[in-house]
Amino acid sequence: MENEDIYRFVVPTPFSVGNVNMYLIKGDSLTLVDAGVKTEEAWQSFKKQLHELGYEPSDIDQVIVTHHHPDHVGLLDYLPEGVPVIGHEKADRWIRQDPVFFDEHQRFFEQFFLECGVERAFLEEIPNWRRSLRYSCRRSLSGTVKEGDSLPGLTHWKVIETPGHAQSHIVFYRETDGLMLGGDHLLLHISPNPMLEPPFEGEAERPKPLLQYNASLLKMRNYEITRVMTGHGEDVQDVNSLIEKRLAKQRERAEHVLDMLKQEPLTPFQVCQRLFPTAYEQEFMLTMSETIGQLDYLEDIGAVIKQKIQNQYVYEAVEGSH
């Protein structure tokens, strides 16, 4: 079916980002793209909007997720058990809440944050990073897709891997007319946070999500995109100019960090405290992800050097860098 109908459902979330978008593609198979957040309010809102189109949850043939964050997968727990759930392989350990992975995650970040200059006493006081997962699901992927694949039952929709905001992030591009279902990759009014994650199985190095995110933005230029239907807020029409705007803002934020490091060498945690003097305690994972992202970026362009001094990373501006 060449011209499927696509319907947007807007459902509430308890997160500061506000409402989240879910999409229904009415093609050869009735496909739900993303699955909101696990609250009764979101479920009732989704069911009402679905009913207005003449469907019930049991009519959905498959669900495809753009990434593993709770506000995009939570309602999987409300959908019938037999519905196939498809996503990138890196989403699976998150959405089934694999306890072995979560233990590894905890150990990885305890070690990493100590190396970033976070005091152990402070680490122990950090609110549990898992608290948002109560809005997620416990569901396994029944199938995976990767770069270049077609979506099952939707052959002219291509999968593009866009890691950055999440390691599992993928977007879907309809080759017939240039429409993209973009998840959280490119949002009209806000820039998504590239979130720190531990290495995936078989990877030796931790991912560098901000560098990945920038590369994934640039990758968008390889496609004739007419419109992006996004995970939050309105559609993006002028894709290339928004990409330029996001990258320029990124350079500006990095300049600010570089100016700090020109004054004196600092650990990542010291940079984080100066960048986010009030937010770093409440939003530790978010603010450290942003900080490490800026430092990775500056290191990548050769503006700073990183040394390990007494088991802690210290960043220093390179003479003459700008």
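Using +1 at the C-beta of Lys and Arg and -1 at the C-beta of Asp and Glu, which of H51, L24, V11 has the Cα lying farthest in the positive direction of the dipole of region 10-63? Value computed over the given set: V11. Rounded to the nearest 10 degrees, the inclination of helix 209-219 to the longest alpha-carbon principal axis of the chain is 50 degrees. Spatial offset of region 69-122 relative to region 155-178 amounts to 21 Å, using the alpha carbon center of each.
Would you mind calculating the gained length between R246 and L114 on full extension (0.36 nm times residue separation, minus the Cα-Cα distance), in nm to one decimal? Kindly include the intermediate steps, with their values, before the conclusion.
Numbers: separation 132, 0.36 × 132 = 47.52 nm, distance 3.10 nm.
Taking 0.36 nm per residue and subtracting the Cα distance, the gain is 44.4 nm.
With the gyration tensor restricted to C-alpha atoms of region 48-197, the semi-axes of the equivalent ellipsoid amount to 31, 19, 15 Å, longest first.
The mean accessible area for residues of the chain, using a 1.4 Å probe and ignoring ligands and nucleic acids, is 46 Å² per residue.
Structure shown: which of K90/K262; K262/K308; K208/K308; K48/K245; K208/K249 lie over 27 Å apart, alpha-carbon to alpha-carbon? List each step's numbers first, then the result.
Working: K90/K262 38 Å; K262/K308 18 Å; K208/K308 18 Å; K48/K245 37 Å; K208/K249 18 Å.
Flagged as over cut-off: K90/K262; K48/K245.
Expressed as a whole percent, the accessible area of region 1-51 that falls on carbon and sulfur atoms is 47 (1.4 Å probe). For the chain, the alpha carbon convex hull comes to 133 Å³ per residue, rounded to a whole number.
For the chain, the relative contact order comes to 14 percent (Cα pairs under 8 Å, sequence separation of at least 6). Peptides 188-198, 154-164 ordered by packing proxy, namely the average of other Cβ atoms within 10 Å per residue, highest first: 154-164, 188-198.
Adding -39500 (n - 2.57) for every DSSP H run of four residues or longer, then dividing by how many residues the chain holds, sets the calculated 222 nm ellipticity at -10000 deg cm²/dmol. When the Cα atoms of region 1-53 are aligned to their principal axes, the ranges along those axes come out at 37, 21, 13 Å in descending order.
Here, region 176-322 is characterised by an Rg to Rh ratio of 1.01, where Rg is the alpha-carbon radius of gyration and Rh the Kirkwood radius. Computed packing ranks the peptides 112-124, 48-60, 27-39 as 27-39, 112-124, 48-60, most packed first, by mean other Cβ atoms within 10 Å. What is the helix-to-structure angle for 99-115, meaning the angle in degrees between its Cα long axis and the longest Cα principal axis of the chain, kept from 0 to 90 and rounded to the nearest 10? It is inclined by approximately 30 degrees.
Over region 278-322, the fraction of Cα-Cα pairs per 5 Å bin, rounded to whole percents and listed from the shortest bin up, is 5, 21, 21, 22, 19, 10, 2, 0. Under the simplified labelling scheme, the T144-N128 pair shows an inter-label distance of 2.9 nm, with each label point 7 Å from Cα along Cα→Cβ.
Cα-based values for region 185-233, radius of gyration first and Dmax second, are 13.3, 38 Å. Between the helical axis of 40-52 and the longest alpha-carbon principal axis of the chain there is an angle of about 40 degrees.
So what is log10(I(q)/I(0)) for region 132-239 at q = 0.14, 0.19, 0.20 1/Å, when the Debye sum runs over its Cα atoms only? The Debye formula, applied to the Cα set alone, gives -0.62, -1.10, -1.19. Largest accessible area first, the residues S168, S132, S142 order themselves as S142, S132, S168 under a 1.4 Å probe with ligands, DNA and RNA left out. The calculated Kirkwood hydrodynamic radius for region 220-287 is 14.8 Å, given to one decimal from all distinct C-alpha pairs.
Modelled this way, with points 7 Å down the Cα-to-C-beta line, the labels at Q307 and T155 are 6.1 nm from one another. An ellipsoid equivalent to region 1-97, defined through the eigenvalues of its Cα gyration tensor, has semi-axes of 19, 17, 12 Å when rounded to whole angstrom and sorted largest first.
The values are calculated or read from the model by the stated rules, or taken from the named source; none is laboratory data. Please read these numbers as outputs of a predicted model, since none were measured by experiment. Note: ideal-geometry Cβ built from the backbone for every residue, glycine included; neighbour counts use all protein chains shown. Quick note on the areas: whole protein, heavy atoms, side chains included, nothing else; ligands and nucleic acids left out. Shrake-Rupley method; radii C 1.70, N 1.55, O 1.52, S 1.80 Å.
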